Amino acid sequence: MHKSFIFHNPSVLWFLLALALFTMAVTVLSEAFGVGLVSTSFVKTLGKTLCLCLIAIAMDVVWGYCGILSLGHFAFFGTGGYAIGMWLMYARTEGIVAASLEGQAIPPTPQEISDAIGTQIFGVVGSSEFPAIWAFADSLVLQLLMVVLVPGLLALVFGWLAFRSRVTGVYLSILTQAMTLALSLYLFQNDSGLRGNNGLSGLQNIPGFEDTSQATISMVFFLVSAIALAAGYVLFAWVMSGKMGSVVQGIRDNEARVRFLGYHVESYKLFVFTLTAVIAGIAGALYYPQAGIINPAEIAPIASIYLAVWVAIGGRGRLYGAVIGAAFVSLLSSWFTGGGAPAINLGFYTIQWTDWWLVLLGVSFVCVTLFFPKGIGGLFDYLVRKPS
Amino acid sequence: MHAIREAVLLLSLLCLSVMPAYAQSDAPLQTILQTHADEVAKPGRRSVSVVLDDLDASGLPNVLPFLEAWQEKRIWQREADGVFFLAEEDDDDLNLRDIDTGAEDTALKDGFSQVKPNGGVRRVIATALVKFQLTDPDLDRRSTAVAAIARRPDANQLEPLLASVDREVDAALKARKVQLANFLSARFADSTEDRIAAIESLSSDTSIEARAVLNQILETTSGVAAERPDVNIARILTPGTDLSVADAYAQLVDAELAPAATPSTVIRAALEANITNGSVAGIPTAELDNDAARERAYAALATDGLVPPLVTSSEQSKAADAAVFYEAYKEKDAAITDVAARVLEEVEARVAFAQTVDLGLDALSLASIYFLAAIGLAITFGVMGVINMAHGEFIMMGAYTGYVIQLFVPDYTLSILIALPTAFAITFAAGVTMERLVIRHLYHRPLETLLATFGISIALQQLAKNIFGTQARPLTSPAWLDGAWVISDVIQISYIRIAIFVLALIFLVLILYVLKRTRLGLEVRAVTQNPGMAASMGINPDKINMLTFGLGSGIAGIAGVAIGLYAKVTSEMGADYIVQSFMTVVVGGVGNVWGTLAGASLIGFLQKGIEWFNPSNTLAAQTYMVLFIILFIQFRPKGIVALKGRAAAD
């Protein structure tokens, strides 16, 4: 079974090979494990980009394969990040508090320790009580479970409500957008229990590895992200290659016809929606320790729309297209907005790319939609077809 | 020169001092003042009232200017004979004026001393002045006096106020005086009957002032006692439900009815202070990491007399239960507070009703904004099945058009009149261009239209940022739109909101007319229902699509001008409205003006309603609203007004 799946999808092998080569190259060039040509901050950028690629293939499956234009997948990405962020922040603060209470004449009571941690974490929003959602924050295992469960359940409930009432097309897109908007607005409140617009911070410090250098930590995260991307890629390629994949693509092309053939369309859609949400949550859980901070602005509707932009530019309906789109656009974006691109002097006006990058992106996005609906990934078709 | 003047002065002084009879007949005010010379020169808060009573009794016309001058420290006393003058300082000289005759004179400052009443006295004088001012022939002065009383109500103003009511000729001021007299007698009248009558009369008054009067009568102080005290008790508080046990016990401690509590921090500090050889009262410090062990150690210390006794939480709640916590009215008479409480309840019921009306007006204006913002979107979505993500940017474009026109046309009324059609024209052109260049090619791919228009949206937004900068630009409304229509203290609505409501109404009628009564509308409706059939009847769907898109965008431009008038114009303003507009369209149903109206009303009223429940948190309001809409879609997936029959097919 497995063999035949790879045999039918040579692109999976090519992708894994490329990813492995890329990972090895970065490892060899890194500060931690190699010659030190690639800076730690760039390793972090690359690691984060790999996580974005992971959520991009999830988006590709839900949109490119199943035809659901979800404008809310960053909500799942964010909840995954918040779930792991709660443990990171709690465990780290616990360490700091324990160290500060060490020297006192009388050992602290458990209540005093928890009060001190609460004050440390929630002082910025004028509170010191632990909200109920932090009940499992002291356990890494449980919070890792949350990374999967929270986005999964959210997607399950939302998807069940939406699909059973046959909300489709643009309506569904708007509804998913409303969901992520509602979530981010909720998190923006100070009494949401997740520090309001301050978000969770200091996530780059991994509890238990205080003595390990950031260079090593970021390299480890980079490698884990690469493995996660590879695993996610193989998983999606496998799911989409079988009969299940055919039904899902059938739903994309003509939902009514698939339903008339006797398939329970809603279940398939719900499965795809939930699975991709879980993968998005995992991607988020890997992304935010590398970013160091998560706040509600990250899951504003615009983020999910950018996700759709990456997938569209990269090429829908092919997983490598999504990877290319996410990597290409996000790296290009940070190059342009980070001031990396040289300003162009037109004589009468100087084009500063920090100002004009979004205009360029918007226009090129329109052009891609109009003229290259297959995106960058579509170029590979020419490569493959040429010999024949 | 000086010598002569001094000689003249001396002479006149001599005249005055030797001829009191002259003063008595021709200078009645000076005479009264001279009888109280000490009190006038150095008035005390108590002694001054004697002078004021005499002045009042005299009924002289020049008492008022004297009191004013006295209050403003413009009275000087000649040291030689103690005569008082009205005087203005002029470097070293004084311009004197006789208090009775008004005869003017100049003298050196030396030899005179200024009468400087202190702050307390000046207030007493001011109160006395009120009486004169209340009956002053000048309307402005009377109004000022009434306003002064309203600002600082006082028991002894009641009498002069009541006295002045009958003689008042101005109807409005008379009504105000009666109202104010009511407020004053509710609080300060002598007899209980008068006060109760006054309080009763307040029941129909929903103004903030009337409520303040009632609240002042019902002012309470909280207290604690071992037994129920004999005061006018407002209510008895039960520890645990009305106030926390810890707070209750703290009150007991403050009232010295209980020994000080020993909270965990105190216990901890006491233990730390009593560590001997690594243990406290025989318990090793390492074992003191829980509250039970700490309390045991503290109790042991207490038996040794080293620390105050431990007050456990059960003892605290027992003590709190035994005591009586109460809120008592400052007003002693229970009859008055009973009536006031009942009247306040009635008034607040009226106020609540008025607030509901006010909230309804707010919601209505919000709904009209959403309607304006969403109707264009609804038309394009309904006719073409196209979601225009750049709709918000058309709103922004309209607002910036208004801003730019105001740069060139300084007259605000004129500039708004120019801006409305110009904004329509510009966004109409932009819409048609966009339709021709982009959307036309994507008709069979609606999801991709969504993305392409999103691309246009981010490009336009950034473009606006590059041109106009990130800071908000003002779009000033004409002066006749400033201010608000005040119906009562509670119900008021700003003119801009009324204008937006009227604009929305105009557009509702206009769009309904175009769609139902014109050839274009007929064709638009035909294309909405079945483009293929419409085409076979000789309608050019391409042209209709283009015009519809232009129309939708043009209305967005006008909405932009309207929104810009009361909100700031920024490059992100479109994004603020786009999601709400989508919600409006989705909730209302596609392709129907009434649906959009229903959607906008539902969302507007819902948002205001939720904000009313939780006024401090508008973010939560938006969250709940979005959740509601997600649930709403469950029950009416096609919106409130859904198309029926074949037209409803996707």
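The values are calculated or read from the model by the stated rules, or taken from the named source; none is laboratory data. Bear in mind that the values here come from a model prediction, so they are computed numbers and not experimental data. Don't worry about glycine lacking a Cβ; one is built from the backbone with ideal geometry, like all the others, and counts go over all protein chains shown. These accessible areas exclude ligands, DNA and RNA; they are computed on the full protein's heavy atoms, side chains included. Shrake-Rupley method; radii C 1.70, N 1.55, O 1.52, S 1.80 Å.
Here are a few things to note about the model shown:
- For region B:132-166, the set of residues classified as closer than 21 Å to residue B:44 by Cα and not in a loop (DSSP other than H, G, I, E, B) consists of B:155, B:156, B:157, listed by residue number.
- Filter result for residue B:436 (more than 10 Å from chain A (Cβ to nearest Cβ) and in contact with a strand residue (DSSP E or B) (Cβ under 7 Å, 6 or more places away or on another chain)): no
- Of all residues in region A:285-320, those being closer than 27 Å to residue A:9 by Cβ, touching a Ser or Thr at 6+ places or on another chain (Cβ under 7 Å) and among the small types (Gly, Ala, Ser) number 1.
- Residues satisfying the stated conditions in region A:99-108, i.e. open to solvent by 70 Å² or more (accessible area, probe 1.4 Å) and within 14 Å of chain B (Cβ to nearest Cβ): A:102, A:103, A:104
- Residue that is most open to solvent (accessible area, probe 1.4 Å) [pool: residues in region B:264-306 that are at pLDDT below 80 and away from every other protein chain (no Cβ under 14 Å)]: B:306
- Pairs are defined by a Cβ separation below 7 Å, a sequence spacing of at least 6 or placement on different chains, a first member in region B:135-148 that is within 18 Å of residue B:62 (Cα to Cα), and a second member that is open to solvent by 50 Å² or more (accessible area, probe 1.4 Å); the pairs so defined are B:135/B:167.
- Residue within region B:205-218 that is open to solvent by 60 Å² or more (accessible area, probe 1.4 Å) and under 30 Å from residue B:321 (Cβ atoms) present: no
- Among residues of region A:139-151 being buried (at least 22 other Cβ atoms within 10 Å of the Cβ) and out of contact with any Phe, Trp or Tyr (no Cβ under 6 Å at 6 or more places or on another chain), the one that is nearest to the other protein chains (Cβ to nearest Cβ) is A:146.
- Taking region A:155-199 as the range and being more than 7 Å from chain B (Cβ to nearest Cβ) and on the phi > 0 side of the Ramachandran plot as the test, the residues that pass are A:193, A:195, A:196, A:199.
- Checking each residue in region A:67-79 for being within 14 Å of chain B (Cβ to nearest Cβ) and of a type in the set (A, V, I, L, M, F, W, C) picks out A:68, A:69, A:71, A:75.
- When residue B:315 is tested against (1) open to solvent by 70 Å² or more (accessible area, probe 1.4 Å); (2) touching a residue at least 12 places away in the same chain (Cβ under 8 Å), just one condition goes unmet, and that condition is (2).
- Taking region A:189-286 as the region of interest, the helices (runs of 4 or more DSSP H) fully inside it that hold 1 or more residues being among the polar types (S, T, N, Q), farther than 30 Å from residue A:118 by Cα and open to solvent by less than 20 Å² (accessible area, probe 1.4 Å) are A:214-241.
- Pair list, Cβ under 6 Å, 6 or more apart: region B:327-354 residue assigned by TED's automatic domain parsing to the domain that holds residue B:193 and modelled with pLDDT of 85 or more, other residue in a helix (DSSP H, G or I) and among the acidic types (Asp, Glu): none
- Residue within region B:234-251 that is at pLDDT 80 or above, open to solvent by less than 70 Å² (accessible area, probe 1.4 Å), within 13 Å of chain A (Cβ to nearest Cβ) and touching an Asp or Glu at 6+ places or on another chain (Cβ under 7 Å) present: no
- Residue in region A:319-327 that is more than 14 Å from residue A:72 (Cβ to Cβ), modelled with pLDDT of 90 or more and within 14 Å of another protein chain (Cβ to nearest Cβ) present: yes
- Apart from one condition, residue B:261 fits all of (1) surrounded by fewer than 15 Cβ atoms within 10 Å (Cβ to Cβ); (2) more than 13 Å from chain A (Cβ to nearest Cβ); the exception is (1).
- Among the residues of region B:592-637, just one is at the interface with chain A (Cβ under 8 Å from one of its Cβ atoms) and among the small types (Gly, Ala, Ser), namely B:620.
- Selection status of residue A:351, surrounded by fewer than 21 Cβ atoms within 10 Å (Cβ to Cβ), within 14 Å of chain B (Cβ to nearest Cβ), closer than 27 Å to residue B:438 by Cα and among the β-branched types (Val, Ile, Thr): yes
- Within the set B:494, B:477, the sole residue that is of a type in the set (S, T, N, Q) and open to solvent by less than 30 Å² (accessible area, probe 1.4 Å) turns out to be B:477.
- Filter result for the condition that a residue is at pLDDT 90 or above, open to solvent by less than 60 Å² (accessible area, probe 1.4 Å) and within 11 Å of chain A (Cβ to nearest Cβ), over B:452, B:464, B:430: B:464
- Test: residue in region A:80-98 that is out of contact with any helix residue (DSSP H, G or I) (no Cβ under 8 Å at 6 or more places or on another chain), within 14 Å of chain B (Cβ to nearest Cβ) and surrounded by fewer than 18 Cβ atoms within 10 Å (Cβ to Cβ): no
- For region A:109-138, residues that are open to solvent by 30 Å² or more (accessible area, probe 1.4 Å) and either away from every other protein chain (no Cβ under 14 Å) or not in a helix (DSSP H, G or I) (or both) total 14.
- Within region B:516-533, residues that are more than 20 Å from residue B:594 (Cα to Cα) reach no partner that is among the β-branched types (Val, Ile, Thr) with beta carbons closer than 8 Å at six or more positions or on different chains.
- Test: residue in region A:52-63 that is over 20 Å from the mean Cα position of the chain (by Cα), buried (at least 21 other Cβ atoms within 10 Å of the Cβ) and under 30 Å from residue A:236 (Cα atoms): no
- Region A:311-323: number of residues that are surrounded by 24 or more Cβ atoms within 10 Å (Cβ to Cβ) and in a helix (DSSP H, G or I): 8
- Identity of the residue in region B:134-166, open to solvent by 50 Å² or more (accessible area, probe 1.4 Å) and within 26 Å of the chain's Cα centre (by Cα), that ends up nearest to residue B:180 (Cα to Cα): B:153
- Flag if residue B:129 is modelled with pLDDT of 80 or more, outside any loop (DSSP other than H, G, I, E, B) and not β-branched (Val, Ile, Thr): no
- Residues that are open to solvent by 70 Å² or more (accessible area, probe 1.4 Å) and either at pLDDT below 80 or over 17 Å from residue B:95 (Cα atoms) (or both), drawn from region B:60-82: B:61, B:80
- Taking residues in region A:119-148 that are under 28 Å from residue A:283 (Cβ atoms), and partners anywhere that are among the aliphatic types (A, V, I, L, M) and assigned to a loop (DSSP other than H, G, I, E, B), the pairs with Cβ atoms closer than 9 Å and at least 6 places apart or on different chains are A:130/A:137; A:131/A:194; A:133/A:194; A:134/A:194; A:142/A:135; A:143/A:137.
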